[in-house]
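Worksheet: the structure to be examined is printed underneath.
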Amino acid sequence: MPGPSPWDIDRIAAADLLNLLRGAREEEWLGLATEALSRHRRQASEWAAKRVHRAAIEALEAGSSRSFHRHDAIWADGFRAAEQCLCQSTPAELLGAGSPEPVSQGQMLRALIRTAKAAKTAKAEA
């Protein structure tokens, strides 16, 4: 039997979404789906950030034992400062995507219009 796939998390999220929608009225589906997908995206991002954070710390630890004897004290001080900065940062801080403020449909539409206008202006200037 094959092992777990990284995409299994999407299957779980889809099953959760279907269960959530089964008990809801059709008018509520958009809001419920939006919340469920947002929660899934946030959880997946946090999981990835934790993995990258852990891997970066492990890489720094491995690199320090191989590299310190080949470099001068200034390099070693900079390396230690970078390692300390990374170790003191949380994965969520590195991700830079905390829980955002809820956005209304009007705010979303205005942002899309601004983006489209900026793209049109940039295209006209090119």
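The values are calculated or read from the model by the stated rules, or taken from the named source; none is laboratory data. In this text, all values refer to a predicted model and were calculated from it rather than measured experimentally. When we count neighbours, we look across all protein chains shown, and the Cβ atoms used for this are built from the backbone with ideal geometry, even at glycine.
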So for region 71-83 (the condition being of a type outside the set (A, V, I, L, M, F, W, C) and within 16 Å of the chain's Cα centre (by Cα)), does at least one residue qualify?
no
Residues of region 50-83 being surrounded by 12 or more Cβ atoms within 10 Å (Cβ to Cβ), among the β-branched types (Val, Ile, Thr) and over 14 Å from Leu95 (Cβ atoms), in sequence order, are Ile57
Of the conditions (1) in contact with a Pro (Cβ under 6 Å, 6 or more places away or on another chain); (2) of a type in the set (Lys, Arg); (3) over 30 Å from Asp10 (Cα atoms), the single one that Lys117 does not satisfy is (1)
So which residues in region 49-94 are without any contact (Cβ under 8 Å) to a residue 24 or more places away in the chain and hydrophobic (A, V, I, L, M, F, W, C), if there are any at all?
Ala55, Ala59, Ala62, Phe68, Ala73, Ile74, Trp75, Ala76, Phe79, Ala81, Ala82, Cys85
For region 7-49, which residues satisfy the criterion of being out of contact with any Leu (no Cβ under 9 Å at 6 or more places or on another chain) and under 24 Å from Glu93 (Cβ atoms)?
Ile9, Ser38, Arg39, Arg41, Arg42, Gln43, Ala44, Trp47
Among the candidates Leu30, Leu18, Leu86, single out the residue that is surrounded by 13 or more Cβ atoms within 10 Å (Cβ to Cβ) and assigned to a helix (DSSP H, G or I).
Leu86
Examine region 107-122 for a residue that is β-branched (Val, Ile, Thr) and at pLDDT below 85, and state whether such a residue exists.
no
